[in-house]
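Colleague: To start, I am sharing the structure in question, which I have written as structure tokens.
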Amino acid sequence: MTVALPSLPSNYFHLLRQQGLGDHTRPLIVFTPKSMLRTKAATSTPAEFTQGGFRPVVPDQTVDPARVTRVLMRSGKVFYDLDAHRHSSDLSNTAIVRVERLYPFPEEELAAELSRFPAGTDIRWVQEEPENQGAWFFVGPRLHRLGDHAVGCVSRPEAPAPAVGSARRHAMEQKSLVVSAFR
């Protein structure tokens, strides 16, 4: 099966195209929130639809790899919150790598992406879900196998429910999550 969390319209298009036209028919599970339909930052150019294919790892092309001291890996829509905070705080030492496919896990693509950054770079997995509910328990051991990097997790604290039940509390937790990812 394939489990994916595309954060770009073009990547979602190529994922569906790959599923429909591919040689291997396997179940496809796609996690995409409806809120990304309204996110102005979640756009693709026409060329991104007509060229290339599905990218299981989308590298951060906005930072100089030699100056990076922190890499935030994530899946899902939290990228847009992290990117907005990075730009508003004028942080040029943090790369945000999009992991668009969780299974099959893109070990080769992630290893190639992490090799661009200096040794000793702080690597963190960021997820919106509470620590006991997101992808961390699946992704964590696989990230540790990729090299000599220590990998940490930034998430909401463990919780019995996926939602807090209050929009105000959710917004406060989301802001705290994003800020703590850059500490």
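Colleague: At SER176 and GLN51, where each label point lies 7 Å from the Cα along Cα→Cβ, what is the point-to-point distance in nanometres?
Modeller: 4.5
Colleague: For the stretch 58-145, what is the largest minus smallest coordinate of the Cα atoms on each principal axis, given in angstrom and ordered from greatest to least?
Modeller: That gives 31, 25, 20 Å along the principal axes, largest extent first.
Colleague: What's the carbon and sulfur percent of the stretch 67-183's accessible surface, probe 1.4 angstrom, rounded to a whole number?
Modeller: 52
Colleague: Under the rule of at least 5 residues apart or a separate chain, name every residue whose amide H is placed under 5 Å from the amide H of GLY152.
Modeller: Amide H to amide H, under 5 Å and 5 or more residues apart or across chains, GLY152 pairs with ILE123, ARG124, TRP125.
Colleague: Taking H as built 1.01 Å from N, whose amide H comes closer than 5 Å to the amide H of VAL57, not counting residues under 5 places away?
Modeller: GLU100
Colleague: Same structure again: Find the all-direction average of the projected area of the Cα convex hull for the stretch 54-107, expressing the result in square nanometres with one decimal place.
Modeller: 4.0
Colleague: Tell me the per residue accessible area of the chain using a 1.4 Å probe; a whole number in Å² is fine.
Modeller: Averaged over the residues of the chain, the accessible area is 56 Å².
Colleague: How large is the helix-only mean residue ellipticity at 222 nm for the chain, computed as the sum of -39500 (n - 2.57) over DSSP H runs with n ≥ 4, divided by its residue count, in deg cm²/dmol to the nearest 500?
Modeller: -10000 deg cm²/dmol
Colleague: Check THR2: other-chain or 5+ apart residues with amide H under 5 Å from its amide H, H built from backbone geometry?
Modeller: Under 5 Å from the amide H of THR2: LEU28, ILE29.
Colleague: Still on this structure: How large is ³J(HN,Hα), in whole Hz, for each residue of the stretch 177-183 in order, when computed from phi with the Karplus curve 6.51 cos²θ - 1.76 cosθ + 1.60 and θ = phi - 60°, using x for Gly and Pro?
Modeller: Running phi through 6.51 cos²θ - 1.76 cosθ + 1.60 with θ = phi - 60° gives 4, 5, 5, 5, 5, 9, 7 Hz.
Colleague: Hey, another quick one. Taking the Cα-to-Cβ direction at ALA161 and at ASP90 and moving 7 Å from each Cα, how far apart do the two end points lie in nm?
Modeller: 4.2
Colleague: When all protein chains stay in place, what accessible area (Å², nearest 10, 1.4 Å probe) is found for LYS77?
Modeller: Taking all protein chains as shown, LYS77 has close to 70 Å².
Colleague: In sequence order, what are the phi-derived ³J(HN,Hα) couplings for the stretch 130-136 according to the Karplus relation 6.51 cos²θ - 1.76 cosθ + 1.60 with θ = phi - 60°, rounded to whole Hz, with x for glycine and proline?
Modeller: x, 4, 7, 10, x, 7, 3
Colleague: Convert each backbone phi in the stretch 138-151 into a coupling constant with the Karplus relation 6.51 cos²θ - 1.76 cosθ + 1.60 (shift: θ = phi - 60°), then list the ³J(HN,Hα) values in order as whole Hz, x for Gly and Pro.
Modeller: Working through the residues one at a time gives 7, 6, x, x, 6, 5, 5, 6, 6, x, 8, 7, 7, 10 Hz.
Colleague: I've got another one for you. Find the all-direction average of the projected area of the Cα convex hull for the stretch 1-68, expressing the result in square nanometres with one decimal place.
Modeller: For the Cα atoms of the stretch 1-68, the hull's average projected area reads 6.1 nm².
Colleague: Separate question: Using alpha-carbon positions, what is the distance between the centroids of the stretch 91-148 and the stretch 1-71, in Å?
Modeller: Using only Cα atoms to place each centre, the spacing works out to 16 Å.
Colleague: If the viscosity is 1.567 mPa s and the temperature 4 °C, what translational diffusion coefficient in µm²/s does Stokes-Einstein give for the chain when Rh comes from Kirkwood over Cα pairs?
Modeller: Translational D for this selection: 75 µm²/s.
Colleague: Please arrange MET73, MET172, MET1, MET36 by accessible surface area, largest first, computed with a 1.4 Å probe and ligands excluded.
Modeller: The most accessible residue leads, giving MET172, MET1, MET36, MET73.
The values are calculated or read from the model by the stated rules, or taken from the named source; none is laboratory data. Fair warning: this is a prediction, and the values are worked out from it, not measured in the lab. Virtual Cβ from ideal backbone geometry, glycine too; neighbours counted across all protein chains shown. The area values use the complete protein model at the heavy-atom level, side chains included, leaving out ligands, DNA and RNA. Shrake-Rupley method; radii C 1.70, N 1.55, O 1.52, S 1.80 Å.
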